[in-house]
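Engineer: Just passing along the structure, written as structure tokens.
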Protein chains: 2
Amino acid sequence: MATIKDVAKRAGVSPSTASRAMHGSKVISKPTRDKVIKAARELNYAPDFNAQNLATKASNTIGVVLPVDHHEIFSNPFFLEMIRGINEVCSKNGSMTTLATGISSDELVHNIDVMIAQGHIRNFILLYSEKNDPVVERLNHFDVQYVIIGKPYQEVNKTSYVDNDNVQAGTDAAQYLVDRGHQRICFLYSDLSKMVQGDRMLGYQRTMMQHQLPSILLEARFEDHASGVKSMKHFFEQYPDVTGFVAVDDMMALKLQQVLHNDPEWKVKQFSLIGFNNSIFSELAHPTLTSVAVFPQRLGEEAAKIVMTDRPAEELSTAVIVPHQIVTRHSVHPIRSLK
Amino acid sequence: MATIKDVAKRAGVSPSTASRAMHGSKVISKPTRDKVIKAARELNYAPDFNAQNLATKASNTIGVVLPVDHHEIFSNPFFLEMIRGINEVCSKNGSMTTLATGISSDELVHNIDVMIAQGHIRNFILLYSEKNDPVVERLNHFDVQYVIIGKPYQEVNKTSYVDNDNVQAGTDAAQYLVDRGHQRICFLYSDLSKMVQGDRMLGYQRTMMQHQLPSILLEARFEDHASGVKSMKHFFEQYPDVTGFVAVDDMMALKLQQVLHNDPEWKVKQFSLIGFNNSIFSELAHPTLTSVAVFPQRLGEEAAKIVMTDRPAEELSTAVIVPHQIVTRHSVHPIRSLK
DNA sequence: AATACTTATGCAATCGCTTGCAATAATGTT
DNA sequence: AACATTATTGCAAGCGATTGCATAAGTATT
């Protein structure tokens, strides 16, 4: 493995000159710069990561924090796409990404503590936003910079984040159903402690209000089929005239679809259904699921970009909104034709 | 951030003593060891990652290599679960994991080259096994240790790997259908350049042979619905009496299911279907999908364990086989009752 | 009590790179 | 030609850890 001394020797200069040359320092003359760069290339030189970081005291790795495992979360392809987006941008900028995971909240926090203490993480990216997140507390406490993917709960103005406009997305999804003649539309969610679910619900409610239609909310987890059937039975007793559902994400939508499809009576009713995330699930569902695409890879990229441009601490935080887009498939049945 | 000097000062010893004490060196007396450890704890000390690695020349991060992006692969939750398994084990051992991704094969290889040159990756874990993988070539060339999740193509005896017994899994899946009275069973796959697909196919064929039943192979990608319908139409013309399918993975199975379900004629036939991976898809399908579970998290953990125990170079490579298990759901319909 | 042996600690070099400052070379000014 | 500037380069000190070797302290041996 070639060191900077090797490069220097080959170029006939001192290590310091070599270092400066390769960093494009203005103060080095063109001929020597060229010599050095040539030598470096010939030796296939890359600066030692650890040595460089040690010397500059500026670490170059980004810590990507995954949410504490709920089975559901982890099997959600969403995250991997965000990670890919982050990693693409980072590696183009010569940074590494490293992951922080944990089976419990305590474990995750502990792992992050260690990472901070080791002092080689430049910045964190949180792939989720949760109420009272102990991780966020930790990061604030140690005064470590971070970017959230999702809308922050605390210190919104001081925290950089990347998100979809989930309120708008919720509005649009509901509007999509309304436009196709649906009047009784239910919003289906599972956990309001997630910012994203709350936002989408808000958007849904906005549309309902605008059209003077009732907001019908249903919290359900569909943990198993029987319980799903039961809660839907209960639901339809209360709201027999519901024709459409806005599900807080595709997985939720699919679970509902499953329940509805399995009951001959419900099945014929051809309920309309729209989900969020445009995940692979939506393509594989039957019927295929109309869904609001949110471009997770893009979210990751933007988050990484924010992290890469290190702005001074006193500067205002950045917020990037990634647009969404409804992808039409076959789960929505118009009650009347579009005007 | 506390350094080792701070710890040393507080404990009233020299940095070298502090270092040795914290590494449990035999040569340090119990009382000083205790003093040092106490001081370290009080200062919340953790050795600087970069400094430590630089001094010991032994890096502590594991590079996790994701396959080059095909949309399909990246939206497969499988990978995230493996990553989580790896990360759990690594962080328990004080290691970091860092990701290598790439949009193209060239980019991926380049990223890996850089990582190797920077010299701070101790080991790589490849999350896939592909024919003629340029990454493997690279790693061999630079003599970097790595573990493959999946069965290696080259130098099988010299390469450590973790895998399911996919041949056996294929055998079992086919047997499952045979046991339930199916005689004409088709194996459905998409890409034989993946080791895993070849293995499962082999297993399927073994069962077919044993029962003197014909092997019926179908390569398809179901890229869009129309093409899916077309190829199945073609298929059934040739093999009208097929009643069961072994699909090479759940996604494949779901795509088939979709095609079959959408055609009224095929639908009534109630084909039987078994997939692999027991991914979340299988729970969300309709009907729910019987699938061979392969425990990706476990695969990740085992791979990480291998990497963590650094054995001398001349030692034989390790291979760990993670068991699989058929998870019964509702996509298989017995033709006759089980004897 | 002087010597030999352990045992426990500290000194100082090292890992590979960066960077402030001093030294040298190149150029311009009078 | 002598001096003042400015443009280039090199020296050497760190960054925070580890580790071989020398030293100091403690115990045993005679």
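The values are calculated or read from the model by the stated rules, or taken from the named source; none is laboratory data. This one's a predicted model, so the numbers in the text were calculated from it and none came from an experiment. As a convention, Cβ positions derive from the backbone with ideal geometry for all residues, glycine included, and neighbour counts pool all protein chains shown. Keep in mind that these areas ignore ligands, DNA and RNA; they rest on the heavy atoms of the full protein, side chains included. Shrake-Rupley method; radii C 1.70, N 1.55, O 1.52, S 1.80 Å.
Engineer: Suppose we filter A:ALA39, A:ALA2 for residues that are at pLDDT 90 or above and either out of contact with any His (no Cβ under 8 Å at 6 or more places or on another chain) or within 9 Å of DNA strand D (Cβ to nearest atom) (or both); which single one remains?
Structural biologist: Details: A:ALA2 fails: at pLDDT 90 or above.
So the residue among A:ALA39, A:ALA2 that is at pLDDT 90 or above and either out of contact with any His (no Cβ under 8 Å at 6 or more places or on another chain) or within 9 Å of DNA strand D (Cβ to nearest atom) (or both) is A:ALA39.
Every residue, every condition in (1) touching a His at 6+ places or on another chain (Cβ under 9 Å); (2) more than 23 Å from A:ARG122 (Cα to Cα), yes or no:
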site	(1), (2)
A:GLN258	yes, yes
A:ASN262	yes, yes
A:PHE281	no, yes
A:VAL292	yes, yes
A:ARG298	no, no
A:ILE326	no, yes
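Engineer: Determine, yes or no, whether B:ASN262 is open to solvent by 50 Å² or more (accessible area, probe 1.4 Å), within 12 Å of another protein chain (Cβ to nearest Cβ), within 22 Å of A:LEU289 (Cβ to Cβ) and in contact (Cβ under 8 Å) with a residue 24 or more places away in the chain.
Structural biologist: Working: open to solvent by 50 Å² or more (accessible area, probe 1.4 Å): yes; within 12 Å of another protein chain (Cβ to nearest Cβ): yes; within 22 Å of A:LEU289 (Cβ to Cβ): yes; in contact (Cβ under 8 Å) with a residue 24 or more places away in the chain: yes.
The answer is yes for B:ASN262.
Engineer: Any idea which of (1) outside the structural domain of A:ALA303 (by TED's automatic domain parsing); (2) more than 10 Å from DNA strand C (Cβ to nearest atom); (3) not basic (Lys, Arg) is the one A:GLY85 doesn't satisfy?
Structural biologist: Exception for A:GLY85: condition (1).
Engineer: Grab the helices (runs of 4 or more DSSP H) fully contained in segment A:1-52, keeping just those with 3 or more residues being more than 8 Å from DNA strand C (Cβ to nearest atom), surrounded by 15 or more Cβ atoms within 10 Å (Cβ to Cβ) and not β-branched (Val, Ile, Thr).
Structural biologist: On the way: elements: A:4-11, A:15-22, A:30-43.
Here the list reads A:4-11, A:30-43.
Engineer: Would you confirm, using the coordinates I've provided, whether A:PHE187 is closer than 23 Å to A:ILE326 by Cβ and outside any helix (DSSP H, G or I)?
Structural biologist: Values: closer than 23 Å to A:ILE326 by Cβ: yes; outside any helix (DSSP H, G or I): yes.
So A:PHE187 passes the test.
Engineer: Further, regarding this structure: Conditions first: (1) open to solvent by 10 Å² or more (accessible area, probe 1.4 Å); (2) assigned to a helix (DSSP H, G or I); (3) within 9 Å of chain A (Cβ to nearest Cβ). B:ASP172 passes all but one, so which condition is the exception?
Structural biologist: (3)
Engineer: Under 24 Å from A:THR101 (Cβ atoms), away from DNA strand C (no atom under 16 Å from the Cβ) and of a type in the set (A, V, I, L, M): is that true of B:ILE103 in this structure? So that I can check it myself, show each step before the final result.
Structural biologist: Values: under 24 Å from A:THR101 (Cβ atoms): no; away from DNA strand C (no atom under 16 Å from the Cβ): yes; of a type in the set (A, V, I, L, M): yes.
It is false that B:ILE103 is under 24 Å from A:THR101 (Cβ atoms), away from DNA strand C (no atom under 16 Å from the Cβ) and of a type in the set (A, V, I, L, M).
Engineer: Could you please let me know if B:TYR161 is hydroxyl-bearing (Ser, Thr, Tyr) and assigned to a strand (DSSP E or B)?
Structural biologist: Numbers: hydroxyl-bearing (Ser, Thr, Tyr): yes; assigned to a strand (DSSP E or B): yes.
In short, yes.
Engineer: Also, quick follow-up: Name the residues in segment A:234-248 that are touching a residue at least 60 places away in the same chain (Cβ under 8 Å) and open to solvent by 10 Å² or more (accessible area, probe 1.4 Å), would you?
Structural biologist: A:THR243 - this is the single residue of segment A:234-248 that is touching a residue at least 60 places away in the same chain (Cβ under 8 Å) and open to solvent by 10 Å² or more (accessible area, probe 1.4 Å).
Engineer: Where the second residue is more than 8 Å from DNA strand D (Cβ to nearest atom) and outside any loop (DSSP other than H, G, I, E, B) and the first is within 14 Å of chain A (Cβ to nearest Cβ) and lies in segment B:12-23, which pairs have Cβ atoms under 8 Å and are six or more apart or on separate chains?
Structural biologist: B:MET22/B:VAL36; B:MET22/B:ILE37; B:MET22/B:ALA40
Engineer: Count, please, the residues in segment B:206-233 that happen to be in contact (Cβ under 8 Å) with a residue 24 or more places away in the chain and farther than 20 Å from B:LYS255 by Cα.
Structural biologist: Let us first name the residues in segment B:206-233 that are in contact (Cβ under 8 Å) with a residue 24 or more places away in the chain, namely B:206-208, B:211, B:213-222, B:225, B:228-229, B:232.
Restricting the remaining residues to those that are farther than 20 Å from B:LYS255 by Cα gives B:206-208, B:211, B:213-215.
The number of residues fulfilling the criteria is 7.
Engineer: Quick one: is A:VAL147 outside any loop (DSSP other than H, G, I, E, B) and under 23 Å from A:ALA319 (Cβ atoms)?
Structural biologist: Values: outside any loop (DSSP other than H, G, I, E, B): yes; under 23 Å from A:ALA319 (Cβ atoms): yes.
Criteria met by A:VAL147.
Engineer: Which of the numbered conditions does B:GLY94 fail, given that it passes all the others? Conditions: (1) buried (at least 19 other Cβ atoms within 10 Å of the Cβ); (2) out of contact with any His (no Cβ under 9 Å at 6 or more places or on another chain); (3) in the same structural domain as B:GLN118 (by TED's automatic domain parsing).
Structural biologist: Here B:GLY94 meets the rest and fails (1).
Engineer: Would a scan of segment B:65-82 turn up a residue that is in contact with a strand residue (DSSP E or B) (Cβ under 8 Å, 6 or more places away or on another chain) and in a helix (DSSP H, G or I)? Even if it seems obvious, please write down each step before you answer.
Structural biologist: Filtering segment B:65-82 down to residues in contact with a strand residue (DSSP E or B) (Cβ under 8 Å, 6 or more places away or on another chain) leaves B:65-67, B:82.
Filter once more, so that each one left must be in a helix (DSSP H, G or I): B:82.
Yes, because at least one residue in segment B:65-82 is in contact with a strand residue (DSSP E or B) (Cβ under 8 Å, 6 or more places away or on another chain) and in a helix (DSSP H, G or I).
Engineer: Select from segment B:133-166 the residues that are farther than 22 Å from B:ILE86 by Cα and in contact (Cβ under 8 Å) with a residue 60 or more places away in the chain and list them in ascending order.
Structural biologist: B:ASN157, the sole residue that qualifies.
Engineer: In addition: What single numbered condition from (1) charged (D, E, K, R); (2) within 12 Å of chain A (Cβ to nearest Cβ); (3) more than 11 Å from DNA strand D (Cβ to nearest atom) fails to hold for B:ASP48?
Structural biologist: (3)
Engineer: Can you tell me which of (1) within 10 Å of another protein chain (Cβ to nearest Cβ); (2) in contact (Cβ under 8 Å) with a residue 24 or more places away in the chain is the one B:ILE335 doesn't meet?
Structural biologist: Condition not satisfied by B:ILE335: (1).
Engineer: Which of the residues belonging to segment B:108-123 are part of a helix (DSSP H, G or I) and in contact (Cβ under 8 Å) with a residue 12 or more places away in the chain?
Structural biologist: Looking only at segment B:108-123, we keep the residues that are part of a helix (DSSP H, G or I), and these are B:108-118.
Across segment B:108-123, the qualifying residues are B:LEU108, B:VAL109, B:ILE112, B:ASP113, B:MET115, B:ILE116.
Engineer: So, one more: Give B:VAL135, B:VAL89, B:VAL147 a once-over and let me know the one that is more than 16 Å from DNA strand D (Cβ to nearest atom) and under 26 Å from A:ASN93 (Cβ atoms). Full working, then the answer.
Structural biologist: Numbers: B:VAL89 fails: under 26 Å from A:ASN93 (Cβ atoms); B:VAL147 fails: under 26 Å from A:ASN93 (Cβ atoms).
The conditions single out B:VAL135.
Engineer: Which ones in segment A:98-126 are open to solvent by less than 10 Å² (accessible area, probe 1.4 Å), of a type outside the set (Phe, Trp, Tyr), within 14 Å of chain B (Cβ to nearest Cβ) and out of contact with any Lys or Arg (no Cβ under 9 Å at 6 or more places or on another chain)?
Structural biologist: Within segment A:98-126, A:THR98, A:ALA100, A:GLY102, A:LEU108, A:MET115, A:HIS120, A:ILE125 meet the criteria.
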